[in-house]
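K.L.:
Have a look at the structure that comes next, please.
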Amino acid sequence: MNQKTLNILEFHKVRAWLADECHSIMGQEKALALTPSVNPLDVAAWQAETLEGVDYVTHAGGAPQHGFSDIRTEINKVRIGATLQCAELLKVSAVLRTARTLREALLKGDTQAGQTMQELAGQLVVLRNVENDIERCIENDERVADAASVQLSTIRRRMASCHQRIKEQMESIIRSAQYRDILMDSIITMRAGRYVVPVKQEYKNRLPGLVHDQSGSGATVFIEPMAAVNANNELRQLEADELEEVQRVLRTLSAALHPYVQQMQWTLEALTQLDFIFAKAALSRRLNAVPPVLNRQGRLVINADRHPMIDAKVVVPISLTLGGDFKTLLITGPNTGGKTVTLKTAGLFAMMCQAGLHLPAEEGTTLPIYDGVYADIGDEQSIEQSLSTFSSHMTSIVDILQQASSRSLVLLDELGAGTDPHEGAALAVAIIERLKSRGCCTLATTHYSELKAYALSTPDVENASMEFNVETLRPTYRLTMGIPGKSNAFEISKRLGLPEDVIENARRQMAQGVARFEDVLQSAEYHKEVARREREEAEALNREIQTLHGRIDAEKVRLEKQRQSVLDDARAQAQKLLDGARHQSEEVIRSLKDLKKIKGDSRDVDRGIQQARDAIRDAQRAMQEPREDEQRDAPTDLQAGETVVLRDSQLPATVLTPPDDRGNITVQAGIMKLNTNIANVSRGGGAQQKEARRAAREFVVRQIATELDIRGMNGEEGMMEVDRYLDEAFRAGRTEVSIIHGKGTGRLREIVHESLRHHPHVKKFRLGAFGEGEMGVTVVELK
C-alpha cells in the first residue's frame with residue numbers, strides 16, 4: 001500500500017489508537033506495524049477474527065486477562081543453554097500462567113470463542129509443573145527462596161547462626177571497658193564483606209586484628225578483631241556455598257524450560273495475536289463500528305460513515321456510493337463544506353477495511369479489495385485542525401497515473417486548481433478521462449463548472465455536492481448524490497464583509513452561460529433543501545402518529561384488562577355471597593326438618609326444602625354463565641364434524657349438530673354425547689388441542705362412577721351428595737346413572753325422587769328392575 005497515501009489519510013493515528021488498546025509490548029508493536037493488505041484472503045481472515053473478538057467480548061462482558069511480558073530475550077537465552085536469573089524466571093512463569101488461564105477461558109469458558117481464537121488458544125502451552133517449580137523456588141526478582149533446595153535451606157541456617165556469633169563477639173568488644181577509649185564509635189560495620197569496628201588511628205595497635213580500610217581523613221581505621229576472623233572466614237565460605245547452590249537451582253529451572261523452547265515461542269506468538277484481536281475488538285466498540293461486507297464487484301457503499309478523527313458529538317454522518325452504475329464521482333460545494341473530509345473518509349475506510357478493522361458506519365456498508373489507494377490531497381491537511389487547501393501537486397498525479405489500475409481507488413482534491421481556470425479545467429477532464437479509461441474508481445473534488453457539466457453529460461461519471469444552507473450561508477456537511485453543488489463564493493464573501501458593489505461587479509464579470517448554470521444549481525439546491533425539510537417534517541409527523549397509535553392500543557388493552565378485572569372481582573364477591581347464602585339455606589333446611597318432626601306433616605316441609613335447593617342450584621348456574629369475552633369469542637359458525645374444546649373440562653369433542661337460534665349444540669366427547677352452548681366451547685387448535693388431549697387423558701383416569709351409594713345418610717346429607725354427583729355425571733357426559741338408597745322405610749327413596757322431579761339434569765327416572773336393585777335403587781336417565 002502506498003506509504004504517502006497512508007500518511008495523507010492519517011492511518012498512523014488509527015494504528016496509535018489500536019496500540020493503546022493492546023495489553024502487551026508485542027501487541028503494541030504489531031498494531032503500530034499494521035499495514036492494509038491487498039490479498040482478499042488475508043482481508044477476509046482479518047475481518048473474521050475481529051468479528052470473533054467483538055462477539056466474544058460482547059457475550060462475555062469483556063476480554064479475559066491477557067496482558068503478558070515480552071520474554072523473547074529469555075526464550076533465546078534458554079535456547080542457547082544460558083541460565084536465567086530470578087527476575088527472568090518470574091517473567092517466564094507469569095507468561096505461562098497467563099497462557100494457561102487464557103486457554104481455559106477460551107476453550108472451557110461458558111462463552112464459546114470463535115474458530116480462529118480457539119485455534120490460537122490451542123497453541124498456548126500449559127507447563128503447570130514448571131510454573132509451580134518457579135513460583136516455589138523464586139521468592140522475588142533478586143532472591144531464591146529457602147525452600148528451593150534442602151542444601152540451600154541448611155546453608156542459610158548456618159549463615160544466620162554465624163552472623164549471630166560474630167555480632168555477639170563484636171558487641172562484647174565495643175562494650176568492653178578495655179577498648180572503650182580506643183573506638184571512634186561504638187558501632188559494628190562492614191568492609192569488604194567482613195565485620196569491623198572503627199578504631200582511632202593512634203590506638204590501632206591496641207586492638208589485635210586485621211586492618212581493612214580507613215576513613216578519608218585517616219583518623220579512623222576499620223579493624224576486624226582477631227577473635228572474629230575465624231567466624232568471618234566461615235561466613236565468607238558459607239556465602240560462597242550459598243551462591244553456588246543458588247546458581248545450581250537457577251540452572252536446574254532454566255534447564256527444565258529448554259525442552260519447551262519452541263512451544264514457548266509459539267505461545268508468545270499466539271498471545272500476541274490474541275492481544276491484537278482483543279485490541280481490534282476494543283477499538284471497534286470504542287468507535288461504535290460495524291464489520292464491512294466485502295464484495296468482488298468493485299462497489300463501495302458507505303452508510304452514514306463518521307470520520308473517526310472528528311469529535312463524535314459534532315461529526316455529520318455521510319453516505320456515498322461508487323463503483324456500481326458509475327466509477328467516477330465529482331464532489332462540488334463551498335470551501336470548508338466537507339469535500340476533503342469526504343475524500344479522506346472514503347480512503348481511510350478502504351484502508352481500515354483492508355487492515356481488518358471495523359468501520360464507524362451503519363450496517364450495509366460494503367467495500368471491495370483495492371490493489372492500491374492513491375491520494376493527492378493538497379498540503380496533506382489535518383482534519384483535526386479544520387484546514388483546507390486549493391493547491392495540487394502535479395508530480396503526485398503523474399505518479400498516480402503510472403501506478404493506478406482498474407482495481408485502484410484514486411482520491412484527487414481540488415483537481416486542476418492552481419493554474420489558469422480554463423487550462424486547469426481542461427487538464428482535470430483529461431486526467432479523469434485517463435483514469436476512467438483504466439477503470440479506476442475515482443473520487444475528485446472541484447469548483448469548476450466545466451467539470452460539473454462534464455459529469456452531467458458523461459456516462460459512468462456522477463455528480464455529488466456538499467449541501468450549503470442558503471439562508472444561514474453556512475455549510476451543512478451533508479453529501480447529496482446526483483446533484484452538482486455551487487461554490488457559493490459570492491455568498492461567503494458577502495458574509496465575510498466584502499462590499500456589495502464589489503460582489504455585483506464580480507457577477508457581471510462572469511460569462512452569461514456560467515452565471516445561468518450557477519443560478520440553476522442554486523435553484524436546485526434551494527428546492528432540494530425545501531424538499532428535505534418537508535420530508536423530515538413528514539417523517540416526524542408519521543413517527544408521532546405511530547406513537548399515538550401505540551399509546552391508543554396500549555390504553556385499549558389496559559382498559560379491557562381493567563374491565564375484566566372488575567368483572568372477575570364482582571364474580572368472586574358474588575361467589576362469596578352465594579357461599580354465605582348456601583350456608584344460610586342449609587340452616588333453613590335443618591330448621592324445616594326439625595319443624596317437620598314436630599308437625600308430622602312432611603309435604604309442605606319437603607316442598608320448602610326442595611325450593612331452597614333449587615334456588616341454590618339456580619344461583620350456581622347463574623354464576624357459571626359464560627363471561628362476556630367468552631360470549632364474544634364464541635364460534636357461531638360451527639359445522640357438524642368440527643373439533644372443539646369444552647371450556648369447563650378442557651375435553652376435546654366433535655360437533656354433531658350446528659348451533660340453533662339460541663346457540664345450543666350437541667357434541668360427542670369420546671363415547672359421551674352432550675348438549676351445551678357455543679359459549680362453553682372453543683375451536684380446538686395447536687396448543688389448545690394438546691391441552692385438551694391432556695385433559696382427556698386425565699379425565700379417563702378419574703372417570704365418574706356409574707352409581708352413587710347414599711345408604712346410611714340422612715335426607716339432607718344424601719341430597720347434597722346426589723346434587724354433587726348428578727352435576728359431575730352430567731358434565732362427564734353420563735346418560736344413565738344409579739342411586740342406591742336402600743329399601744328400609746322408603747323415606748330416603750321418597751326424598752330422592754322428590755328432588756329428581758325438579759332437577760335440571762334429569763330427563764326421567766325409575767326404580768331398579770330385577771337384578772338392578774329393585775326398590776333399593778333408582779335408575780336416572782340424564783339429559
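K.L.:
Would you check if residue 272 is of a type in the set (S, T, N, Q) and free of Cβ contacts under 8 Å to residues at least 60 places away in the same chain?
P.N.:
no
K.L.:
Let me ask something else about it. Restricting to region 57-89, name every residue that is of a type in the set (A, V, I, L, M) and within 30 Å of residue 114 (Cα to Cα).
P.N.:
Passing the criteria: 57, 60, 63, 71, 75.
K.L.:
Report, by residue number, each residue of region 33-91 that is within 27 Å of residue 372 (Cα to Cα), open to solvent by less than 20 Å² (accessible area, probe 1.4 Å) and within 23 Å of the chain's Cα centre (by Cα).
P.N.:
Result: 47, 49, 50.
K.L.:
Also, I was wondering about something else. Take the residues in region 216-232 that are open to solvent by less than 30 Å² (accessible area, probe 1.4 Å) and outside any helix (DSSP H, G or I), then tell me which one is nearest to residue 172 (Cα to Cα). Steps first, please.
P.N.:
Of the residues in region 216-232, the ones open to solvent by less than 30 Å² (accessible area, probe 1.4 Å) are 218, 220-225, 228-229, 231-232.
From the residues that got through so far, the ones that are outside any helix (DSSP H, G or I) too are 218, 220-225.
Values: 218: 26, 220: 20, 221: 19, 222: 17, 223: 15, 224: 14, 225: 11 Å.
Taking the candidates together, the pick is 225.
K.L.:
Quick check on this structure: which one of 101, 58, 116, 83 is among the hydroxyl-bearing types (Ser, Thr, Tyr), over 17 Å from residue 275 (Cβ atoms) and not in a loop (DSSP other than H, G, I, E, B)?
P.N.:
On the way: 101 fails: over 17 Å from residue 275 (Cβ atoms); 116 fails: over 17 Å from residue 275 (Cβ atoms); 83 fails: not in a loop (DSSP other than H, G, I, E, B).
Exactly one residue qualifies, and that residue is 58.
K.L.:
Restricting the search to region 719-744, which residues are among the small types (Gly, Ala, Ser) and touching a helix residue (DSSP H, G or I) at 6+ places or on another chain (Cβ under 6 Å)?
P.N.:
742
K.L.:
Further question: Residue 252: within 28 Å of residue 87 (Cα to Cα), open to solvent by 70 Å² or more (accessible area, probe 1.4 Å) and not basic (Lys, Arg), yes or no?
P.N.:
Against the criterion (within 28 Å of residue 87 (Cα to Cα), open to solvent by 70 Å² or more (accessible area, probe 1.4 Å) and not basic (Lys, Arg)), residue 252 qualifies.
K.L.:
Can you run down the residue pairs with Cβ atoms below 7 Å, 6 or more apart or on separate chains, where the first is in region 356-369 and crowded, with 23+ Cβ neighbours inside 10 Å and the partner is outside any loop (DSSP other than H, G, I, E, B) and basic (Lys, Arg)?
P.N.:
Filtered contacts from region 356-369: 356/280; 357/280.
K.L.:
Find the strands (runs of 3 or more DSSP E) located wholly in region 676-783 whose residues include 3 or more that are open to solvent by 60 Å² or more (accessible area, probe 1.4 Å), of a type outside the set (S, T, N, Q) and at pLDDT 80 or above, and list them.
P.N.:
Result: 762-767.
K.L.:
Let me ask something else. Mind checking which pairs have a first residue in region 1-22 that is open to solvent by less than 40 Å² (accessible area, probe 1.4 Å) and a second that is among the β-branched types (Val, Ile, Thr) and in a helix (DSSP H, G or I), Cβ under 8 Å, 6 or more apart or different chains?
P.N.:
10/383
K.L.:
So, residue 179, is that one open to solvent by 60 Å² or more (accessible area, probe 1.4 Å) and aromatic (Phe, Trp, Tyr) or not?
P.N.:
No.
K.L.:
In the set 235, 243, which member is open to solvent by less than 20 Å² (accessible area, probe 1.4 Å) and within 23 Å of residue 86 (Cβ to Cβ)?
P.N.:
Of the residues listed, the single one that is open to solvent by less than 20 Å² (accessible area, probe 1.4 Å) and within 23 Å of residue 86 (Cβ to Cβ) is 235.
The values are calculated or read from the model by the stated rules, or taken from the named source; none is laboratory data. All values reported here derive from a predicted model rather than from experimental measurement. Heads up, the Cβs are rebuilt from the backbone with ideal geometry, glycines too, and the neighbour counts pull from every protein chain shown. Accessible surface is based on the protein model in full, side chains and every heavy atom, while ligands, DNA and RNA are left aside. Shrake-Rupley method; radii C 1.70, N 1.55, O 1.52, S 1.80 Å.
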